[in-house]
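Since the structure comes first, as structure tokens, the remarks are kept for the end.
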Amino acid sequence: MATSSSSPPARPALRHHAETRAMRTEPATMTVLSYVRERIVTGVIAANSRLRAEALATELGVSRTPVRSALAILSAEGLVSYSINRGYTVREITFHDVLDAIEARAVLESRACGLSVDHGWSAEGLAALGAMVAHGQAIVDGGLWSEAIEHDWYANNRLFHFTIVAASQNVVIRNALRMTLIHPIFGDIARLCPAVAQLVPQRHRAIPAKPPQHILKSQADHGHILAAITAEDAPLAERHMLEHVLDTKHRLATIATRR
């Protein structure tokens, strides 16, 4: 019996190719997104600057696809605006934008913290979180402070918060939190974010020789949050995290002299 010389469409192969390409594109998009976002909020890329996908792709050594995806996300976040004639343009960030972002982050992170307790932590996960708290404590116990030490503490701080959010197993919260990170996370926002720094007196922006009070308070908060998670007290963990994040907003509102 004769058989057909034609073969069925290779849809599974095409679908696999599309999925593989998407898997390669997503990490690149996040890399571009983090890079451009931080340069915007720290003033390296000034307000009203035009963002060209081709130039960014060349600078970062990626294709234009993840750059365009990142710019679309930044537009949704409100950091850039888009028009047919000008393309993507950096929007000016205001002091109140920063405060609003911190308030939204407080709500999201506190809920993520509670959810992490509800889902349960493994012994290994708790040990890793405890190691982060211990590392941060060792930094402040050293009694010295500098730009490099500050960077080390904030990098550890970022890992502490990221680990808790990841443990919530809530992808929607994790994605929403990306939209609240419109300020530097590797240093003091009062000094590094132009929208804030221009309103803060120099004495509050100078890097002290010893760990500043707000860092000591923040580090103590990490210990309280860890204790609540370890005790499997979700409401207490949520409350500690909410107050912890909002402390940044209250501090900025207190030291800013012009608004």
Fill in the blank from the handout: Only one of (1) touching an Asp or Glu at 6+ places or on another chain (Cβ under 9 Å); (2) open to solvent by less than 50 Å² (accessible area, probe 1.4 Å) does not apply to residue 227, and that is (2)
Handout entry: Enumeration of residues in the range 141-190 that are out of contact with any His (no Cβ under 9 Å at 6 or more places or on another chain), among the small types (Gly, Ala, Ser) and assigned to a helix (DSSP H, G or I)
Key = 148, 155, 166, 176
Fill in the blank from the handout: Within the range 202-244, of all residues that are of a type in the set (Val, Ile, Thr) and under 27 Å from residue 123 (Cβ atoms), the one farthest from the chain's Cα centre (by Cα) is 230
Handout entry: Restricting the range 1-41 to residues that are more than 17 Å from residue 78 (Cβ to Cβ) and of a type in the set (Val, Ile, Thr), the residue that is modelled with the highest pLDDT
Key = 32
Exercise for the section: Spot the failing condition for residue 217; the list is (1) charged (D, E, K, R); (2) assigned to a helix (DSSP H, G or I); (3) in contact with a Phe, Trp or Tyr (Cβ under 6 Å, 6 or more places away or on another chain), and only one is missed. Expected result: (3)
Handout entry: Close pairs (6 angstrom Cβ cut-off, 6 or more residues apart or separate chains): over 11 Å from residue 103 (Cβ atoms) in the range 243-257, in a helix (DSSP H, G or I) and open to solvent by 50 Å² or more (accessible area, probe 1.4 Å) anywhere
Key = 251/214; 255/204
Fill in the blank from the handout: Exactly one of 257, 248, 163 is farther than 26 Å from residue 131 by Cβ and either in contact with a strand residue (DSSP E or B) (Cβ under 8 Å, 6 or more places away or on another chain) or among the polar types (S, T, N, Q) (or both), and that one is 257
Handout entry: Flag if residue 69 is small (Gly, Ala, Ser) and outside any helix (DSSP H, G or I)
Key = no
Completion exercise
Residues of the range 105-126 being within 21 Å of the chain's Cα centre (by Cα) and open to solvent by 50 Å² or more (accessible area, probe 1.4 Å), in sequence order, are 107, 111
Exercise for the section: Considering every residue within the range 176-198, establish whether at least one is surrounded by fewer than 19 Cβ atoms within 10 Å (Cβ to Cβ), modelled with pLDDT of 90 or more, β-branched (Val, Ile, Thr) and over 24 Å from residue 123 (Cβ atoms). Expected result: no
Exercise for the section: Considering every residue within the range 214-221, establish whether at least one is crowded, with 20+ Cβ neighbours inside 10 Å and in contact with a Lys or Arg (Cβ under 8 Å, 6 or more places away or on another chain). Expected result: no
Practice task
Please tell me if residue 118 is more than 29 Å from residue 188 (Cβ to Cβ) and part of a helix (DSSP H, G or I).
Solution key: yes
Completion exercise
Picked from the range 127-158 (must be under 16 Å from residue 241 (Cβ atoms) and either of a type outside the set (Gly, Ala, Ser) or open to solvent by 40 Å² or more (accessible area, probe 1.4 Å) (or both)), the residue nearest to the chain's Cα centre (by Cα) is 158
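The values are calculated or read from the model by the stated rules, or taken from the named source; none is laboratory data. Everything quoted here is computed from the prediction, not taken from an experiment. We place every Cβ from the backbone using ideal geometry, glycine too, and count neighbours over all the protein chains shown. Just the protein is used for accessible areas: all its heavy atoms, side chains included, with ligands, DNA and RNA removed. Shrake-Rupley method; radii C 1.70, N 1.55, O 1.52, S 1.80 Å.
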